[in-house]
Amino acid sequence: AQSVTQPDIHITVSEGASLELRCNYSYGATPYLFWYVQSPGQGLQLLLKYFSGDTLVQGIKGFEAEFKRSQSSFNLRKPSVHWSDAAEYFCAVGPLTGTASKLTFGTGTRLQVTL
Amino acid sequence: DAGVIQSPRHEVTEMGQEVTLRCKPISGHNSLFWYRQTMMRGLELLIYFNNNVPIDDSGMPEDRFSAKMPNASFSTLKIQPSEPRDSAVYFCASSLSSEETQYFGPGTRLLVL
């Protein structure tokens with residue numbers, strides 16, 4: 001069974017500081033990996049996704065993530081955080097089947113940004 | 001370019017009442033997903049459809065929950081009768097059936113008193 005672990009429930013960083021949110025997954029085949037962001041009272045917005053090719057993927061809002069198969073990780077990074085990045089971030093994994101199917105979401109990491 | 005549309009955005013009802021949540025997927029998308037989000041359980045997939053056909057409803061918690069997709073542009077999630085423990089935010093998401101990326105609606109915040 002597929003699973004996703006986001007070990008950090010809550011992270012606080014200063015504006016302008018760098019950010020790394022951790023995500024580890026368990027999946028028996030080639031995974032399709034996602035990062036979503038949820039602002040308060042809003043739905044989930046796709047930040048980026050990975051399924052093959054370059055293991056460093058770029059997303060919206062200046063975010064990037066690196067797929068490391070040996071570590072079963074897909075950590076999200078941003079070099080300089082803005083106050084507007086305060087939100088909850090979800091990592092998700094799904095099967096690489098080429099069809100719509102179930103995604104498994106992590107429990108989320110809440111990011112707080114201090115000025 | 002309209003995204004996934006959900007209505008109502010907020011619903012307050014009393015225990016025992018019927019609740020109907022509505023979703024309009026992105027035009028052209030033929031897969032639709034219903035999720036529930038709570039503090040205790042996080043984001044849970046309830047059911048999903050491909051081409052209006054339910055594919056996996058293993059996440060539907062009880063018989064009180066039912067979902068339909070009568071056509072490609074509309075789906076409902078119904079709770080009858082509702083209970084306080086059903087209070088949550090319910091999200092609808094859609095995708096092309098040939099892709100894994102899901103696009104989420106703004107959610108319906110349900111409070112059952």
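Read-outs throughout are calculated quantities, based only on the coordinates presented, and are distinct from any laboratory measurement. Everything numeric in this text was worked out from a predicted model, so none of it was measured. Counting neighbours? That spans all protein chains shown, and the Cβs are built from the backbone with ideal geometry, glycine included.
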Bounding extents of chain B in its principal axis frame from Cα atoms, largest first in Å, are 39, 28, 26
Taking 8 Å as the Cα distance limit and 6 or more residues as the minimum spacing, I'd like the relative contact order of region B:5-81 as a percentage.
32 percent
Whole percent per 10 Å bin, from 0 to the bin with the longest distance: what is P(r) over all C-alpha pairs of chain A?
15, 49, 30, 6, 0
Over 26 Å between C-alpha atoms is what I'm after, so list which of A:K61/B:K68; A:K68/A:K102; A:K49/B:K24; A:K49/A:K78; A:K102/B:K68; A:K102/B:K24 land there.
A:K61/B:K68
Can you give the mean number of other chain Cβ atoms that lie within 10 Å of the Cβ atoms in peptide B:93-101?
6
Give me the distance in nm between label points sitting 7 Å out from Cα along the Cα-to-Cβ direction at A:K68 and A:S26, one decimal.
2.0 nm
Taking the Cβ of each residue in A:W83, A:W35 as the centre, tally the other Cβ atoms inside 10 Å and list the residues starting with the fewest.
A:W83, A:W35
Net charge over other residues, Cβ less than 15 angstrom from the Cβ of B:S97 (K, R count +1; D, E count -1)
-2
Taking Cα pairs closer than 8 Å and at least 6 residues apart, the relative contact order of chain A in percent is 37 percent
Estimated distance in nm for a label pair at A:Q112 and B:A72, the labels positioned 7 Å out from Cα along Cα-to-Cβ
4.7 nm
When Lys and Arg each count +1 and Asp and Glu each count -1, what net charge do the other residues less than 12 Å away from A:Y89, Cβ to Cβ, add up to?
+1
Among B:S66, B:S95, B:S58, the residue with the largest mean-square fluctuation in a Gaussian network model of chain B built from Cα contacts under 10 Å is B:S58
At what distance in angstrom do the alpha carbon centres of region B:77-96 and region A:14-49 lie from each other?
23 Å
Putting +1 on Lys and Arg Cβ atoms and -1 on Asp and Glu Cβ atoms, find which of A:A29, A:H10, A:V93 reaches farthest to the positive end of the dipole of region A:4-115.
A:A29
